Amino acid sequence: MKIIHLNENTKNFEKKLLAAVKAIKNGNLVVIPTETVYGISANCFDVSALNKIFLVKNRPYSDPLIVHISRLSQLRNIARYIPWEAKKIIKKFWPGPVSLIFYKNHKLPDIVTSGLNTVCIRMPENEITRKFINLCGVPLAAPSANIFSRVSATDIKHIIKDFKDKKEIEYVIYTGRPKYGVESTIIDCTEYPFKVLRYGALEIEKITKECKIKIVEPKKNLIKKSPGMFKKHYSPIKPTYLTKNLISYIEKLPKNKLRNITFVCKNKTKNIIKKIFKDENISIITYGESFEEITKNLYICLRLAEEINTKTIVVEAVKNVGLGKTIMDRLIKAAENKWV
Ligand code: TXA
Ligand code: MG
């Protein structure tokens, strides 16, 4: 696994991508940056390369992949029909962190879509990624770059930790920490009104307001079972719990239990904890204050909490509105809905 470090100021960055383009053309895998999380990519028409994605991630074949495009003209070979309401989303929000589900074109291999007659497509915002797709000359199927059911990767350390021994991955194109830090929003556009399949980096309210279209949200923020949606997902390797009131939880906790836990919470909450429990040695990681900060830091904090020498993780919940729905979706799955 070789790492290609790039950023928007890198001169001649196209040249630096050529070896990785060759890897895709040879049927191997390349970890690509996106504005959401890192992805492990393969040519979406190359069945043997696609098989390698499932192998290295230990991902079940029942979990379909997202196809990443760099130009609208590529839609023709992967989707069958784009409803006009979806064209409004495309016009406003592509390139960007929203994936759309359409009926699939028969040219796309079944392994990409887990045998479904639909396909999930997105156009990433990251310019280097789109340039890379252009150079490859084909859309790239790419799931998040993490071992199946674990926390997604938003830092080079995570990618190396999960995949350092995997020879199927020839290159990592690394452009630093992603802008959003959490996966794309997924909208099913096969029937109108459209349906939210995954809360993500783009708020649903923004889409409905800007496009003046109807998108049905799941009741109580719980997404009905859909392919690739698992109760346990985005999970740290240690038992993880959620709490609505971290301070009162700590107050009730026997002192000798405190040192077994890493707490993940807002900056403000940490300051209060430090004041009230100033004599205790408590392990606390902060994920920021605003929803934008929290989405950006969430996976970094969960990965860090895994590595600290404590037995369990307790995370402070956030309000279930706007981007808070995305944060809570990830946290509920990370904690398998266990509350304290
Ligand atoms: O931000 C993202 O979307 C990242 C970056 C790398 O682009 N990708 C990502 O991929 O999150 P992944 O594999 O971790 O999640 C893709 C999810 C699947 O688990 C499944 O829930 C949904 O997309 N999906 C894909 N195709 C689908 C389909 N035809 N019908 C329903 N859901 C689908
Ligand atoms: Mg994933």
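Once both axes come from the Cα atoms, what is the angle between helix 84-93 and the longest principal axis of the chain, in degrees from 0 to 90, rounded to 10?
With rounding to tens, the tilt is 60 degrees.
Quick one: net charge of GLU183's neighbours, Cβ under 9 Å, K/R +1, D/E -1?
Neighbour charge sum, excluding GLU183 itself: +2.
Hey, in the GNM for the chain with a 10 angstrom Cα cutoff, which one of ARG259, ARG303, ARG122 fluctuates hardest?
ARG259
So in the chain, what percent of DSSP beta bridges are antiparallel if you round to the nearest 5?
In the chain, approximately 35 percent of DSSP beta bridges are antiparallel ones.
Remind me, relative contact order of the chain in percent, using alpha carbon pairs under 8 angstrom and six or more residues apart?
Once divided by the residue count of the chain, the mean separation gives 20 percent.
Give the angle, between 0 and 90 degrees and rounded to the nearest 10, that separates the Cα long axis of helix 267-276 from the longest principal axis of the Cα atoms of the chain.
The answer is roughly 20 degrees.
Considering only protein heavy atoms, what per residue accessible area in square angstrom results for the chain with a 1.4 angstrom probe?
Result: 47 Å² per residue.
How big is the Kirkwood radius of region 65-137, worked out from every pair of different alpha carbons and given in Å to one decimal?
That comes to 12.5 Å for region 65-137.
Can you give the charge dipole size of region 240-334 about its Cα centre, rounded to the nearest 20 debye, using +1 on the beta carbon of Lys and Arg and -1 on the beta carbon of Asp and Glu?
Using only the charged Cβ atoms, the result is roughly 220 debye.
Roll a 1.4 angstrom probe over the protein heavy atoms and tell me the percent of accessible area of the chain that is carbon or sulfur.
51
Per the Kirkwood formula on distinct C-alpha pairs, the Rh of region 2-216 is how many angstrom?
17.2
What is region 240-334's relative contact order, in percent, from Cα pairs under 8 angstrom and six or more apart in sequence?
40
On alpha-carbon atoms, Rg over Rh for region 103-173 using Kirkwood Rh?
0.99
Cα axis of helix 291-307 to longest principal axis of the chain: angle in degrees, 0 to 90, nearest 10?
So the helix axis and the longest Cα principal axis differ by about 70 degrees.
What ranking of PHE291, PHE194, PHE93 comes out by heavy-atom accessible area, probe 1.4 Å, highest first?
PHE291, PHE93, PHE194
Quickly rank 7-13, 98-104, 308-314, 138-144 as a protection proxy: mean count of other C-beta atoms within 10 Å, highest first.
Going by the mean number of other Cβ atoms within 10 Å, highest first, we get 138-144, 98-104, 308-314, 7-13.
Which listed residue (TRP84, ILE159, ILE332) has the Cα farthest towards the positive end of the charge dipole for the chain, taking +1 on Lys and Arg C-beta and -1 on Asp and Glu C-beta about the Cα centre?
Comparing the listed Cα positions along the dipole, ILE332 ranks first.
Please give the peptides 275-284, 15-24 ranked by average Cβ packing (other Cβ atoms within 10 Å per residue), highest first, as a rough proxy for protection.
15-24, 275-284
Report, in debye and to the nearest 20, how large the dipole of the chain comes out about its Cα centre when Lys and Arg carry +1 and Asp and Glu carry -1 on their Cβ.
320
Considering every pair of different Cα atoms, what Kirkwood radius, in Å, is found for region 226-340?
After inverting the mean inverse Cα-Cα distance, the result is 14.3 Å.
Can you grab the distance from the C-alpha centre of region 87-114 to the C-alpha centre of region 222-294, Å, no decimals?
35
The values are calculated or read from the model by the stated rules, or taken from the named source; none is laboratory data. This structure is a prediction, so every number in the text was calculated from the model and none was measured. All Cβ positions, even for glycine, are placed from backbone atoms using ideal geometry, and neighbour counts span all protein chains on display. The accessibility values were calculated without ligands, DNA or RNA, using every heavy atom of the protein model including side chains. Shrake-Rupley method; radii C 1.70, N 1.55, O 1.52, S 1.80 Å.
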